[in-house]
Amino acid sequence: MKFGGTSMAGTERIRRVANIVRAQAAAGENGTQVAVVVSAMAGETDRLVNFCREANALYDPAEYDVVVSSGEQVTSGLLALTLQSLGLEARSWLGWQLPVRTAENHSKARIDAIEAPNMIEALEAGQIAVIPGFQGISENGRITTMGRGGSDTSAVAVAAAVKADRCDIYTDVDGVYTTDPRIVARARKLKAVTYEEMLELASVGAKVLQTRSVGLAMKAGVRVQVLSSFVGDDAIAADDLPGTMIVSDEEMDELVENGLMERQLVTGIAHDKNEAKIILTRVPDKPGAVAEIFDPLAKASINVDMIIQNVGRDKGETDVTFTVPQSDLARAQALLEERRELIGFNRIITDSHIAKISVVGVGMKSHAGVAGTMFRALSDRGINVQAISTSEIKISVMIDEDETELAVRVLHTAYGLDAED
Ligand code: ADP
Ligand code: ASP
Ligand code: MG
């Protein structure tokens with residue numbers, strides 16, 4: 001079971017979480033063995049990140065990890081205490097105690113392995129394990145964290161390590177919706193969504209699950225359910241699957257055949273306001289020019305997403321436009337400035353005031369016209385598309401950030417996803 005930040009925000013909420021854990025632990029004839037992964041209280045990680053920035057703008061990521069991992073240490077201890085107050089046996093297992101072994105790349109460390117024999121022994125003895133998400137330990141014995149939203153990945157990794165029957169991700173909405181239900185009131189809850197679609201939705205901004213957690217679940221075959229922790233005092237076990245299940249293609253086919261799911265052209269719509277646009281003007285239009293631009297960015301681990309190279313004008317020059325995460329914009333700009341002579345561009349123009357809107361669905365593989373519907377719906381509302389990128393099951397457009405909510409709503413209606421009254 002994994003509980004996110006809003007679910008862990010304060011004593012009262014933690015008590016509700018403890019109730020849900022108790023109900024799950026009591027389920028089944030002989031009870032159920034439960035490992036719980038928790039996030040820091042809502043807002044806490046942001047607060048800690050700010051302290052790091054204030055202390056040293058160019059902070060050392062290893063020390064950053066020491067600071068930001070502390071929020072989860074607090075909530076794991078508090079949940080263990082609360083479970084004990086209900087008369088249950090429980091203890092916390094910090095990242096270094098399990099241990100959760102990760103790569104060295106601080107602040108976005110990848111999980112390599114979880115060694116859980118001691119914890120499994122404790123589970124078998126009837127103790128509930130409480131594990132702080134987001135944190136691990138590197139080969140050098142230093143604390144690492146797994147990137148924002150990383151507790152989801154911790155939870156899936158723990159589930160894989162103990163060969164759990166299921167990984168229930170409890171959050172502040174009761175499942176995965178056709179789009180962020182906080183933006184579109186008529187968003188519909190999905191009974192199930194395939195790993196492939198969830199992976200794509202997460203990677204284009206549906207923050208309900210961290211992208212890596214979905215990739216790991218798919219690879220390790222972990223059954224993941226997303227559901228709400230905001231239930232009354234009479235919490236019940238989640239075995240009757242009240243949330244959204246992440247399923248394989250075969251399971252989805254079965255659900256459709258049995259009339260439990262409808263096949264849609266578009267499954268969901270996501271938005272991302274965390275990217276920034278960079279335009280380099282008057283880049284020489286010759287072989288090797290774009291390599292000079294993107295090689296240094298790749299070496300600095302800066303992810304480039306959408307790329308457009310305009311048609312060369314008469315003078316053998318062209319403009320190159322692309323997007324990077326906002327948090328990497330300053331670094332990217334500095335790297336490019338350093339290479340102005342080498343690349344040979346004229347000006348560098350940046351803009352953080354953009355958003356990426358994406359429509360995702362496996363139905364696109366076999367149907368034409370999905371992109372056309374998108375561009376028509378946006379243009380009918382006067383929304384200008386600045387860049388486009390596609391994959392087999394996704395179309396993304398870059399627009400002005402101010403039009404994000406409108407664009408998501410318009411597309412939700414255009415693809416027939418709105419819930420009926
Ligand atoms: P937690 O703290 O539990 O990890 P997050 O804030 O990371 O929770 O993720 C849950 C949020 O994801 C929801 O409150 C919702 O606003 C947002 N969200 C974005 N897209 C979707 C979607 N398609 N379905 C459900 N929630 C979504
Ligand atoms: N507390 C971390 C964050 O806010 C990890 C998580 O909640 O998943 O990003
Ligand atoms: Mg989250």
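The values are calculated or read from the model by the stated rules, or taken from the named source; none is laboratory data. Bear in mind the structure is a predicted one, so any value in this text is a computation, not a measurement. FYI the Cβ positions are ideal-geometry reconstructions off the backbone, even for glycines, and counts take in every protein chain you see. What goes into the accessible areas is simple: the full protein's heavy atoms, side chains included, and nothing from ligands, DNA or RNA. Shrake-Rupley method; radii C 1.70, N 1.55, O 1.52, S 1.80 Å.
Worth pointing out:
- Split the accessible area of the chain by element, probe 1.4 Å, and carbon with sulfur accounts for 48%.
- Summed over the residues of the range 76-230 and divided among them, the accessible surface reaches 41 Å² per residue at a probe radius of 1.4 Å.
- Ordering 95, 129, 145 by the projection of their Cα atoms onto the charge dipole of the range 88-214, which places +1 on the Cβ of Lys and Arg and -1 on the Cβ of Asp and Glu, puts 145 at the extreme positive end.
- Per residue, the average separation of C-alpha pairs within less than 8 Å and at least 6 apart gives the range 180-228 a relative contact order of 25 percent.
- In sequence order, the range 154-168 has phi-based couplings of 4, 5, 5, 5, 5, 4, 5, 5, 9, 6, 5, 5, 7, 10, 8 Hz under the Karplus curve 6.51 cos²θ - 1.76 cosθ + 1.60, θ = phi - 60°, and Gly or Pro positions carry x.
- Pairs beyond 19 Å (Cα-Cα), from 2/163; 163/219; 273/365; 207/365; 108/299; 2/273: 273/365; 207/365; 2/273
- Computed about its Cα centre, the charge dipole of the chain is approximately 640 debye, with only Lys, Arg, Asp and Glu carrying charge at their Cβ.
- Rounded to the nearest 10 degrees, the inclination of helix 211-220 to the longest alpha-carbon principal axis of the chain is 60 degrees.
- When nucleic acids and ligands are ignored and a 1.4 Å probe is applied, residue 191 ends up with an accessible area of around 120 Å².
- Listed residue (266, 28, 52) projecting farthest to the positive dipole end of the chain, Cβ model: 52
- Protection proxy ranking for 385-392, 406-413, 258-265, using the average of other Cβ atoms within 10 Å per residue and placing the highest first: 406-413, 385-392, 258-265.
- Within the range 104-123: backbone nitrogen closer than 12 Å to the residue 59 label point (7 Å, Cα to C-beta): 107
- Mean Cα-pair separation over length for the chain, i.e. relative contact order, pairs under 8 Å, 6 or more apart, %: 14
- For the chain, projected area of the alpha-carbon convex hull averaged over all directions, nm²: 23.0
- Built amide H within the under 5 Å cut-off of residue 317, gap 5+: 285
- Of interest is the spacing of the C-alpha centroids, which for the range 150-220 and the range 314-369 amounts to 28 Å.
- Solvent exposure ordering (accessible area, 1.4 Å, most first) of 322, 51: 51, 322
- 3J(HN,Hα) from dihedral phi, the range 395-403, Karplus parametrisation 6.51/-1.76/1.60, rounded to Hz, x for glycine, proline: 10, 10, 10, 9, 9, 5, 4, 4, 9
- Förster-model FRET efficiency, 60 Å R0, residue 308 and residue 84, C-beta, rounded to 0.05: 0.55
- Å² per residue, accessible surface of the range 299-393 at 1.4 Å: 55
- Karplus 3J(HN,Hα) series, Hz, for the range 193-203 with 6.51 cos²θ - 1.76 cosθ + 1.60 (x for Gly, Pro): 9, 6, 3, 4, 5, 5, 4, 5, 4, 5, 6
- Multiplying the residue separation of residue 220 and residue 115 by 0.36 nm and removing their Cα-Cα distance gives an extension gain of 36.2 nm.
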